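The values are calculated or read from the model by the stated rules, or taken from the named source; none is laboratory data. On a predicted model such as this, the values are computed, not experimentally measured, just so you know. A quick note on method: Cβ atoms are made from the backbone with ideal geometry, for glycine too, and the neighbour counts reach across all protein chains shown.
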Amino acid sequence: MGALVTAIGRPSWHASLLEWLGRQGRASVAAGSLALVTAIGAVDYGTGSEVSVTLLYLMPVALGAWAGGRGVGVGMAGASALTWLGAGLLEPGAGGDPLVLAWNASTLAGMFALVALALAALRQSKANLEAAVAQRTATLQEEVLQRRRAEVRLQQVNADLHSTQLQLIEAAKMEAVGRMAAGVAHEVKNPLMTLGMGAGYFLQRRPAHADEAALLQDMKQAVGRASHIINGLLDFARPRPRQLAPADLNEVVDDALKLVRHQLATQKVTVQRQLQPGLPPLPLDRVRMEHVIVNLLTNAAQAMPGGGTVTVRTSMHAGGDRPPDQAPQIRLDIEDTGEGIPPEHLGRVFDPFFTTKPLGEGTGLGLSIVHRIVQIHGGGVVLANLSSGGACATVTFRSS
Amino acid sequence: MKRVRILVIDDEASVTRGISLNLEALGSYEVRQENDPRNAIATARAFMPDLILLDVMMPHIDGSDLARELRADPLLKRVPVIFLTALLTTRETKGHEVRVAGWNYLAKPVDLAELTRAIESHL
C-alpha cells in the first residue's frame, strides 16, 4: 500500500499506478476488482440504477482486464453485470420487469466483456512492445559494447603496429649505420695505420730536432684520436651479442670506478660512493655495463672543469613506477655538481653525434652508446638537471 | 743472428710498406710485402716466413679464405697467422691481440710496440 501511495505521489502517478498494478498477482487483482464490484454494487443499490453509477462498473472490469489479463477482465464483466442485476432487482421500490433487467444485464455483461477483451489485448500489445524494445535495447547495448571492445583492440593493434614500425625503422637505420661504419672503418683505418706507422718509423730514426719529434708524436696522437672516433662509431653501430650473466651492480660500479679513479683525481673530482648493499644480482654484460658507467662518470667529470663531486648511488625500489606485483627496480644514479644541462639540450643528449664539446674534443657518440647498451639490457637511462644544480644520470633495471 | 721472417699480406701497399719499414728498422726482422692476395701462397712458399700478418678485407680473396688455404698447405700449415682487421675496435681486442674462433686478431691501426709484442708471443 505504501508503494501505491508513493506511486500516486509522483507526477506521472497514473503510469506508476498502472505499472504497480501490472506487478500484482492475478489472484490479488481478481480479489481487489471483486471488492470494487461489491462496493459499486452497494452504491448502486443505494442510488437506484443511475446510469452514472452503472458506468462505475467499468472500473473493476478495466482494472481486472489491465492488471489480471483477459480471464480476470471477462470474469469482472460477468460479476459486474450480475451485481448490477442484483442491485436492480433488490433495490427498494424496484418495479422493473425482471426479464428486461436480465436482458439489460446480459447486454451490459457483453459490453463489459468487450471492453475487458480490448483492454487485455491492449495490455498484451504494450507488454509485447516493451519486451521487443527491451530486447532491441539489449542487442544495441551489446553491439555498442562489442564495438567499443573492437575499438580498444584496434587501438592496441595500432599501437603495436606503430611500435613495430618504429623498431623496424630503428633496425633499418642501425643496419645502414652499421654498413656505413664498417665501410668507413675499412676506408679510414688503413690510412690511419699508414700515418701511424709512418710517424712511428720516423720517430725510430730519432729526428735531429726536438720539434720534429714533437710533431711526429702529435701525428701519432692524432691517429689515436681518429681511431678512437672510428671505434666509437663501430661500437655504436654493431649490436654485438650480449654476454649476460648474473652480476652485482655494486661490483660493476666499483670496477668502473677503479678504471677512472686516476682520471677523476687528475680532474680534482671527488667521488662519493653510496652503494646500497644486498642488491639482487642483475643479468648484465659486465664489460659493456662497465663501459656505460665509465662513460657516465667521464661525462660527469667533464661537466665540472674546475673539479667537484660525483655521487654514485645504487638503490632498490619496490615496483618502481609499475604495479606493486612487478619486480623491484634497481637504480644507478650518477650526480655531478656542475652547471647542469641547458634545457634545450636535454632532449638531444642521447642523439648520435650530438655534442656540446668543442670541435675535435668529443665524438658525440658516448651517451648514444650508453643509451644503446642500457636498452639492450632492457633498462632505461635518463639525464636530468638537479634542483640543487648539476645533473643526474639515472639508469634503471628491472630485477628479474 | 738469423732475422725473423715476416710476410705482410695486405692490398694496401702503404700499410705493408709502413709495417715493413718499422719492423726492419728494428734490425731483427726481415719483412716481405705482398699486396696481391692471389699471389700470397706462392710468395709465402718462396719466402717461407716465420709468421704471417694478414689483412681480412681484401679484393679477390678474403683474408679468412686465404688463411684457410695457408692452413691447408703442407709447407705453410704451421706458420702462425695474425689477422690485421679494421672491423674490430681496440676496445674489443682490449688493446692487444685477441683470439676469435681459433684465429689471432689485431685491430687496425696497430701500434708498433703492440705489433712486435704479438709477433714475439707467437715465435
query = Which residue, of A:Val269, A:Val260, is modelled with pLDDT of 90 or more and more than 36 Å from the chain's Cα centre (by Cα)?
reply = A:Val269
inquiry  = Would you confirm whether or not the stretch B:42-55 contains a residue that is acidic (Asp, Glu), under 11 Å from the mean Cα position of the chain (by Cα), in a loop (DSSP other than H, G, I, E, B) and within 12 Å of chain A (Cβ to nearest Cβ)?
reply    = no
query = within 14 Å of chain B (Cβ to nearest Cβ) and part of a helix (DSSP H, G or I): does that describe A:Leu259?
reply = yes
message = Against the condition of a type outside the set (D, E, K, R), surrounded by fewer than 17 Cβ atoms within 10 Å (Cβ to Cβ) and within 14 Å of chain B (Cβ to nearest Cβ), how does A:Gln243 come out, does it pass?
response = yes
ask   = Taking the stated definitions as given, is B:Thr16 modelled with pLDDT under 90 and within 12 Å of another protein chain (Cβ to nearest Cβ)?
value = no
message = Taking the conditions exactly as written (at pLDDT 85 or above and within 13 Å of chain A (Cβ to nearest Cβ)), does B:Leu112 satisfy them or not?
response = yes
message = Among the residues that make up the stretch A:134-141, is at least one of them out of contact with any Ser or Thr (no Cβ under 6 Å at 6 or more places or on another chain), more than 17 Å from A:Leu34 (Cβ to Cβ) and surrounded by 15 or more Cβ atoms within 10 Å (Cβ to Cβ)?
response = no
request  = Have a look at A:Leu279, A:Leu233 and point out the one that is surrounded by 14 or more Cβ atoms within 10 Å (Cβ to Cβ), more than 19 Å from A:Val370 (Cα to Cα) and of a type in the set (A, V, I, L, M).
outcome  = A:Leu279
task = Take B:Leu75 and decide whether it is away from chain A (no Cβ under 14 Å) and either among the β-branched types (Val, Ile, Thr) or not in a loop (DSSP other than H, G, I, E, B) (or both).
result = no
key: The listed residue being out of contact with any helix residue (DSSP H, G or I) (no Cβ under 8 Å at 6 or more places or on another chain), among the small types (Gly, Ala, Ser) and in a helix (DSSP H, G or I), out of A:Ala181, A:Ala176, A:Ala185   = A:Ala176
request  = Return yes when B:Ser20 is under 27 Å from A:Gly183 (Cα atoms) and buried (at least 18 other Cβ atoms within 10 Å of the Cβ) and no when it is not.
outcome  = yes
Checklist (1) within 11 Å of chain A (Cβ to nearest Cβ); (2) at pLDDT 90 or above applied to B:Thr85, failing item = (2)
note = Screening B:Ala67, B:Ala25, B:Ala42 for residues that are small (Gly, Ala, Ser) and surrounded by fewer than 14 Cβ atoms within 10 Å (Cβ to Cβ) leaves only B:Ala42
inquiry  = Here is a list: A:Ala265, A:Ala222, A:Ala214, A:Ala226. Which entry is assigned to a helix (DSSP H, G or I) and surrounded by 16 or more Cβ atoms within 10 Å (Cβ to Cβ)?
reply    = A:Ala226
note = Checked the stretch B:9-67 for anything in contact with a strand residue (DSSP E or B) (Cβ under 7 Å, 6 or more places away or on another chain), under 19 Å from A:Thr194 (Cα atoms) and among the aliphatic types (A, V, I, L, M); matches are B:Ile9, B:Ile19, B:Leu23, B:Val31, B:Ile52, B:Leu53, B:Leu54, B:Val56
request  = Mind listing just one residue for me: the one in the stretch A:164-205 that is modelled with pLDDT of 85 or more and surrounded by fewer than 15 Cβ atoms within 10 Å (Cβ to Cβ) and, of those, nearest to the other protein chains (Cβ to nearest Cβ)?
outcome  = A:Gln204
Residues of the stretch B:19-41 satisfying the condition of being in a helix (DSSP H, G or I) and within 14 Å of chain A (Cβ to nearest Cβ) = B:Ile19, B:Ser20, B:Leu21, B:Asn22, B:Leu23, B:Glu24, B:Ala25
